[in-house]
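The values are calculated or read from the model by the stated rules, or taken from the named source; none is laboratory data. All values reported here derive from a predicted model rather than from experimental measurement. As a convention, Cβ positions derive from the backbone with ideal geometry for all residues, glycine included, and neighbour counts pool all protein chains shown.
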Amino acid sequence: MEFSHDIHADQIPPRLQRAAFRIVQESLANACRHSKSKRLFVEVTLDGDVLRIQVRDWGVGFDPEKTTPGHFGLNGMRQRVKLLRGTATIHSELGKGTCVTVELPLAP
């Protein structure tokens, strides 16, 4: 796993720190459980007043519009991001992997 960041914790409000942690945690758990990728990349950056989180794997990929009954990870992540007035983009191609990109505004 590779991790890259350009921020310090004191730049991010505590509520966003917790949300960012949960989003990265869920993205990594999904990648480890399902992707079969031998490589993961996590990047957390600050672009003006937006916290950007990107988690990428080079695994088997999937259809992000289809969710498996009994699995709530992606939907939970989307709900968390929506409550924080952010955006979540999940791009995945079969055989090419998955990239989860989340953008969260720093201001409420």
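None of L28, L74, L51, L84 is more than 18 Å from P108 (Cβ to Cβ), surrounded by 13 or more Cβ atoms within 10 Å (Cβ to Cβ), touching a Pro at 6+ places or on another chain (Cβ under 9 Å) and not charged (D, E, K, R) except L74.
Total residues in the stretch 2-42 satisfying the condition of being under 24 Å from K82 (Cα atoms) and among the basic types (K, R): the figure is 3. E43 meets all of the listed conditions (1) under 22 Å from H8 (Cβ atoms); (2) acidic (D, E); (3) over 12 Å from the mean Cα position of the chain (by Cα) but one, namely (3).
Out of the residues in the stretch 76-108 that are among the hydrophobic types (A, V, I, L, M, F, W, C) and over 18 Å from I12 (Cα atoms), state the one that is modelled with the lowest pLDDT.
The qualifying residue modelled with the lowest pLDDT is M77.
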